[in-house]
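Participant: Before anything else, here's the structure in question.
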Amino acid sequence: MASLPATATAPTYEELQAVVVSLREELARATAAPSTLAAGASRAGTGAEVLARARAQTSMSAEVVDWNPYSRLMALQRMGVVTDYERIRTLTVAVVGVGGVGSVAAEMLTRCGIGKLLLFDYDTVELANMNRLFFRPDQAGMTKTSAAAATLAVINPDVAIDAHHYNITAPDKFDDFLDALQSGGLAGQAVDLVLSCVDNFEARMAINQACNELGQDWMESGVSENAVSGHIQLMIPGRSACFACAPPLIVARKGDERELKREGVCAASLPTTMGIVAGLLVQNVLKFLLGFGQPTYYLGYNALSDFFPSMVLRPNPGCDNSACRARQADWAAHIAAHPEDDTQLGAPPPPPPAVAPQSTENAWGIVIECDEGEEERSQPTAGGDAELVPGVRPAYNPDAPPTNDALAPRVDAADLDLDALRAQLANM
Amino acid sequence: MAAVDVTDTGAARVGDDDLNNLDEARAVKAQIPSLGVMAGPRDGEEWIARLKEEYAALIAYAGNNKANATDWFKIEANKSGTRWFGTCWYVHNLIRYEFELVVTVPVTFPKTSVAILLPELENKTPKMYRGGAICLTEHFHPLWARNVPHFGIAHALALGLAPWLAAEVPHLVAQGSIEPAAAASSGDGAAGSAVGNGAAYEYEYESDE
């Protein structure tokens, strides 16, 4: 809220002008969302009743009529792809980073009828974001979380949305973040999955730390700075590699990576690569949460050569993240007590019970000879913890002797007084 | 900015070289005491031990700079040691340019490096992320990753910020987007009043109490 500086004297002309400007901005922000909706409605030409459709009464209808937003999704059940699609209404997903990938992933989940979304971002929408999907130019200046929440609520009012506008890597916000993941579910329980759609290493490591501490399943996604490759990765703390278990992986590229870099540009981005990675990510979310097909543990994408490496990444027993090692110990203890749960990572989930197709007519006499998918799934996964698939190599070896030879001797500050040090530096 | 005649030599910009193998980086690493406590802002007493090391390394580095008349920054921290602020300056063609400096410590520190912000330069160079954080991805983050937990804030300034300034300031001057420091005492790196914006400085400190 704009206000005048508290001074003893009367406000100056300049101060009053500044207040007018800030009040105008505030008014513009406050009126932006409704007017956008109205514009959308008049374009649709069907009146205000379509602005926000009514919330679904009780459950997802499978009725195939043009006013049912879920008919095509419920058809997945009829076709035997998903056993219980409607379970998605009970699930909560946290999207960390509502940028080029996160906003699109959030829209996909919203359209799929997810029960609840938690959004985390500290950024605002800028015109420089308009080469990506989802945000509109008229949302420039709004926080990404509030702009996204407004759009998503119109697309599907059945989805509960909880927006958090802060930087999760800030030490004073991290506890809030942990709390939200722990109790952000529809019934106050932990969320079902966390999606990392952030654009920097610090934030990924912060999510990794949070999820290792909470034993929270999460998926990581990323698009390279040159915008032509990306990846997704599934992390089940203690069972699959955490983000700190393996050194960053580099997908071999044809030609020299440096040639692709434009001088003087820190990060490029394409709506195509972002959209593809968001699609791969949410596809994996649906498979993982609704239990169909085989979720991937790592899937890379190189746009230049259409190269899609995939692999299982197992946890590193010597991971330097203590919470990761604790989850690995938890899992080992669980396996000792429940050997039946010791399915190999990457093994297929139990195949969904075959659902008879609704139509029993077979006028054309079509016969299914062999289900290729089944055959493929029954093949054992390639073993070997350290094996990387062809074309993928580590960026560096963390176990290699460090470059300590060049380091100066370690500082000895244990017995010094912090306040004295603070004063000494301040006086330099 | 027409007052300064600058020839853009097209010198190597940040990211063109892997600093790991440069003699310069070796020299800096040998000069700044290394750190050893593997603890971040959430680690209680251990973080205090780490913070002492951070201070001691910064004091040693700044003292060295002063002794060699290559002083180029002034920095202080809030009580919790999670936010550092001050000023840094760079001399180009005998003219001094000065910038407000902010260093933020992420919750994952020291596994991940600090962020270094020059808020005044936001939108003036593409080698920067939103919020004024300088781009460290190419030239410094890999180096930091290889030296955890031995690198501290002093190393981030010396090997992250200093080469960034050396590469970017000449460009910023050439395109006329920065002005010389108000009381430009040309050429003398060790010039007296390092802290420029006393008001903002005080405010940041107070805000953490």
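Participant: Given the conditions (1) within 17 Å of A:LEU421 (Cα to Cα); (2) of a type outside the set (Val, Ile, Thr); (3) in contact (Cβ under 8 Å) with a residue 60 or more places away in the chain, report the number of the one that B:ASP71 does not fulfil.
Facilitator: So the condition that B:ASP71 fails would be (1).
Participant: May I pose another question? Select from the range A:292-326 the residues that are crowded, with 20+ Cβ neighbours inside 10 Å and among the hydroxyl-bearing types (Ser, Thr, Tyr) and list them in ascending order.
Facilitator: Answer for the range A:292-326, where residues must be crowded, with 20+ Cβ neighbours inside 10 Å and among the hydroxyl-bearing types (Ser, Thr, Tyr): A:THR296, A:TYR297, A:TYR298, A:TYR301.
Participant: On the basis of being open to solvent by 30 Å² or more (accessible area, probe 1.4 Å) and closer than 18 Å to A:ALA203 by Cβ, does B:THR112 make the cut?
Facilitator: No.
Participant: Another question, then. Among the residues of the range A:266-296, write down those that are small (Gly, Ala, Ser), more than 24 Å from A:ALA241 (Cβ to Cβ) and part of a loop (DSSP other than H, G, I, E, B). Break it down into steps so the answer makes sense when it comes.
Facilitator: Applying the first criterion (small (Gly, Ala, Ser)) to the range A:266-296 yields A:267-269, A:275, A:278-279, A:291, A:293.
Within this subset, residues satisfying the condition of being more than 24 Å from A:ALA241 (Cβ to Cβ) are A:267-269, A:275.
Result: A:ALA267, A:ALA268, A:SER269.
Participant: Yes or no: the range B:25-33 includes at least one residue that is touching a residue at least 12 places away in the same chain (Cβ under 8 Å) and within 21 Å of A:ALA420 (Cα to Cα).
Facilitator: Checking the range B:25-33: at least one residue is touching a residue at least 12 places away in the same chain (Cβ under 8 Å) and within 21 Å of A:ALA420 (Cα to Cα).
Participant: Residues being outside any loop (DSSP other than H, G, I, E, B) and farther than 13 Å from A:GLY113 by Cα: count how many of those fall in the range A:55-85. Walk me through it before giving the result.
Facilitator: Our first condition is that a residue be outside any loop (DSSP other than H, G, I, E, B); within the range A:55-85, this holds for A:71-78, A:85.
So of that shortlist, the ones also farther than 13 Å from A:GLY113 by Cα come out as A:75-78.
Number satisfying all stated conditions: 4.
Participant: Wholly within the range A:176-236, which strands (runs of 3 or more DSSP E) include no fewer than the required count, namely at least 1 residues that are within 12 Å of chain B (Cβ to nearest Cβ) and either among the hydroxyl-bearing types (Ser, Thr, Tyr) or open to solvent by 10 Å² or more (accessible area, probe 1.4 Å) (or both)?
Facilitator: none
Participant: Take B:TYR61 and tell me if it is away from chain A (no Cβ under 11 Å), open to solvent by 10 Å² or more (accessible area, probe 1.4 Å) and not basic (Lys, Arg).
Facilitator: In short, no.
Participant: Answer yes if at least one residue in the range B:152-160 is at pLDDT below 95 and surrounded by fewer than 20 Cβ atoms within 10 Å (Cβ to Cβ), and no otherwise.
Facilitator: Scanning the range B:152-160, I find no residue that is at pLDDT below 95 and surrounded by fewer than 20 Cβ atoms within 10 Å (Cβ to Cβ), so the answer is no.
Participant: Answer with yes or no whether B:ALA69 is more than 19 Å from B:GLY160 (Cβ to Cβ) and outside any helix (DSSP H, G or I). Reasoning before the result, please.
Facilitator: On the way: more than 19 Å from B:GLY160 (Cβ to Cβ): yes; outside any helix (DSSP H, G or I): yes.
Judged against the criteria, B:ALA69 is a match.
Participant: When you scan the range B:134-151, how many residues do you find that are open to solvent by less than 20 Å² (accessible area, probe 1.4 Å) and among the aliphatic types (A, V, I, L, M)?
Facilitator: 3
Participant: Next question. I need the full set of residues from the range B:98-108 which are within 8 Å of another protein chain (Cβ to nearest Cβ) and either open to solvent by less than 20 Å² (accessible area, probe 1.4 Å) or among the acidic types (Asp, Glu) (or both), in order please.
Facilitator: Hits for the range B:98-108 are B:VAL105, B:PRO106, B:VAL107, B:THR108.
Participant: Here's a follow-up. Collect the residues in the range A:143-160 that are among the β-branched types (Val, Ile, Thr) and either open to solvent by 40 Å² or more (accessible area, probe 1.4 Å) or in contact (Cβ under 8 Å) with a residue 40 or more places away in the chain (or both), keeping them in residue-number order.
Facilitator: A:THR145, A:THR151, A:VAL154, A:ILE155, A:VAL159, listed by residue number.
Participant: Where the second residue is of a type outside the set (Phe, Trp, Tyr) and modelled with pLDDT of 80 or more and the first is under 12 Å from A:GLY141 (Cα atoms) and open to solvent by 80 Å² or more (accessible area, probe 1.4 Å) and lies in the range A:14-32, which pairs have Cβ atoms under 9 Å and are six or more apart or on separate chains?
Facilitator: Cβ pairs passing all conditions: A:GLU25/A:GLY141; A:ARG29/A:GLY141; A:ARG29/A:MET142.
Participant: Go through the range B:98-147 residue by residue and tally those that are more than 15 Å from the chain's Cα centre (by Cα), of a type in the set (D, E, K, R) and under 21 Å from B:GLY81 (Cα atoms).
Facilitator: Adding up the residues that qualify gives 1.
Participant: Any idea which of (1) more than 20 Å from A:ALA187 (Cα to Cα); (2) buried (at least 21 other Cβ atoms within 10 Å of the Cβ) is the one A:THR124 doesn't satisfy?
Facilitator: The number of the failed condition is (2).
Participant: Do we find that A:GLY113 is of a type outside the set (Phe, Trp, Tyr), touching a strand residue (DSSP E or B) at 6+ places or on another chain (Cβ under 9 Å), in a loop (DSSP other than H, G, I, E, B) and open to solvent by less than 50 Å² (accessible area, probe 1.4 Å) in this structure?
Facilitator: It is false that A:GLY113 is of a type outside the set (Phe, Trp, Tyr), touching a strand residue (DSSP E or B) at 6+ places or on another chain (Cβ under 9 Å), in a loop (DSSP other than H, G, I, E, B) and open to solvent by less than 50 Å² (accessible area, probe 1.4 Å).
Participant: Let me ask something additional. Is it true that some residue in the range A:264-273 is in contact with a Pro (Cβ under 8 Å, 6 or more places away or on another chain), open to solvent by less than 20 Å² (accessible area, probe 1.4 Å), modelled with pLDDT under 90 and over 17 Å from A:VAL198 (Cβ atoms)?
Facilitator: yes
Participant: So, in the range A:86-111, how many residues would count as being farther than 30 Å from A:ALA268 by Cα and in contact with a Cys (Cβ under 9 Å, 6 or more places away or on another chain)?
Facilitator: Residues flagged as farther than 30 Å from A:ALA268 by Cα and in contact with a Cys (Cβ under 9 Å, 6 or more places away or on another chain) within the range A:86-111 amount to 1.
Participant: Between a first residue in the range A:405-428 that is within 7 Å of chain B (Cβ to nearest Cβ) and a second residue that is open to solvent by 50 Å² or more (accessible area, probe 1.4 Å), which pairs have beta carbons less than 6 Å apart while being 6 or more apart in sequence or on different chains?
Facilitator: Here the result reads A:ALA406/B:ARG26; A:ALA408/B:ALA30, each pair linking the range A:405-428 to a residue that is open to solvent by 50 Å² or more (accessible area, probe 1.4 Å).
The values are calculated or read from the model by the stated rules, or taken from the named source; none is laboratory data. Computed from a predicted model, the values in this text were never measured in an experiment. Neighbour counts are summed over all protein chains in view; Cβ atoms, including those assigned to glycine, are modelled from backbone coordinates with ideal geometry. What goes into the accessible areas is simple: the full protein's heavy atoms, side chains included, and nothing from ligands, DNA or RNA. Shrake-Rupley method; radii C 1.70, N 1.55, O 1.52, S 1.80 Å.
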